[in-house]
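The values are calculated or read from the model by the stated rules, or taken from the named source; none is laboratory data. This is a predicted model, so every value here is computed, not measured. Here the Cβ is made from the backbone with ideal geometry for all residues, glycine too, and neighbour counts use every protein chain on show.
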Amino acid sequence: MSDLGKPPGASADAEKVPRGSACPKQQLLTALKTTDVTIRRLNLLLSEANGQERALATIQYVASMLHHLTASAPWIAFQARMGILARLRGGTSIKSPTTASSASKFKALSSLASETRYTLRLFGLLPLWIWGAETLKSPPADPVLHALTVLQVISNVFYQVLENVAYLSAKGIVSKRFVDKYGGRAKLDIWSTRGWFGHIFFQFFVLWRQRVLRKRRLAAQRVAAGTVENKETKAEDSEATRLEVRAWKKSLVNNTFWAPLCLHWCVEEGLGIPDSMVGLISFGAGAWSLHDLWAATSTVKA
């Protein structure tokens with residue numbers, strides 16, 4: 001009775017038309033919302049210095065990996081085989097940039113990101129000053145951590161000063177004659193990297209000391225609570241301790257990745273790490289940090 005006065009089949013057609021026309025619009029709106037949220041998250045990530053550094057580092061390392069991949073013999077052989085298969089099938093092969101062209105573009109992108117990071121690090125002495133000042137004003141309670149922190153500040157200042165001088169010399173801002181007095185830019189680069197390695201070296205002792213102090217603190221908390229064997233009330237289960245341990249592990253992973261690579265750069269002859277692996281190792285060092293920075297932007301809504 002509800003269909004009285006309507007042509008046969010009109011009800012079904014009326015239902016199909018709106019549904020079919022609304023589906024693409026809904027998909028478009030969903031895609032636009034997703035794109036909007038992603039752009040907002042990227043904007044939030046890049047609004048802070050740490051986010052900019054991590055994004056540029058990711059571009060540099062991924063481009064470096066792609067550069068070596070596209071210039072590798074297996075990739076060239078793969079492209080040749082795909083071209084042969086396309087011709088055997090009688091199809092028209094799609095023209096793509098040559099392997100050398102693709103590799104050079106990735107290399108140029110990696111170099112651009114690297115140079116941008118060098119330029120931004122010209123201001124790196126400012127946060128180091130603040131780090132040193134805060135260490136003097138509010139030193140760590142543990143004397144071992146205090147000494148290690150002071151050594152790290154000195155190592156980082158040594159590294160940043162030498163890197164800045166070497167970079168400005170390469171741009172013709174600092175006199176080449178002045179730099180040559182100290183062995184030239186290559187020598188400054190090596191010594192600046194050694195300063196950076198000093199930070200990494202001391203960081204392993206910092207992590208060791210933090211672990212010792214954390215164990216002591218947790219043991220004291222258990223004894224004070226009188227629940228040494230009670231798993232339900234273990235201090236490790238607290239959110240603060242969980243975050244502390246997670247940050248400790250992230251620092252350890254970062255340090256473990258950088259240590260061999262930095263040591264490789266500290267030695268004039270190197271340690272034998274191939275250039276094709278530098279991008280992968282460097283990316284691995286900051287992958288966890290990149291994940292956390294991106295996850296922190298998840299609060300952004302459309």
**OP:** Could you please find all residues in region 268-302 being within 28 Å of Trp191 (Cα to Cα), β-branched (Val, Ile, Thr) and without any contact (Cβ under 8 Å) to a residue 60 or more places away in the chain?
**Re:** Ile273, Ile281
Original post:
Can you spot a residue in region 137-148 that is among the small types (Gly, Ala, Ser), under 21 Å from Asn255 (Cα atoms), out of contact with any strand residue (DSSP E or B) (no Cβ under 6 Å at 6 or more places or on another chain) and without any contact (Cβ under 8 Å) to a residue 12 or more places away in the chain?
Top reply: yes
Subject >> Wholly within region 62-174, helices (runs of 4 or more DSSP H) carrying at least 3 residues that are over 28 Å from the mean Cα position of the chain (by Cα) >> reply: 73-88, 143-170
**OP:** Look through region 263-280, keep the residues that are of a type in the set (Val, Ile, Thr) and surrounded by fewer than 16 Cβ atoms within 10 Å (Cβ to Cβ), and return whichever of them is farthest from Leu56 (Cα to Cα).
**Re:** Val267
Original post:
Can we say Gly83 is modelled with pLDDT under 95, over 26 Å from Gly172 (Cα atoms) and surrounded by 11 or more Cβ atoms within 10 Å (Cβ to Cβ)?
Top reply: yes
Subject >> Cross-chain or 6+ apart pairs with Cβ under 6 Å, region 54-69 first and under 10 Å from Arg117 (Cβ atoms), then among the β-branched types (Val, Ile, Thr) and at pLDDT 95 or above >> reply: Leu56/Thr116
**OP:** Within region 181-192, identify whether any single residue is in contact with an Asp or Glu (Cβ under 8 Å, 6 or more places away or on another chain), among the polar types (S, T, N, Q), free of Cβ contacts under 8 Å to residues at least 40 places away in the same chain and surrounded by 17 or more Cβ atoms within 10 Å (Cβ to Cβ), and answer yes or no.
**Re:** yes
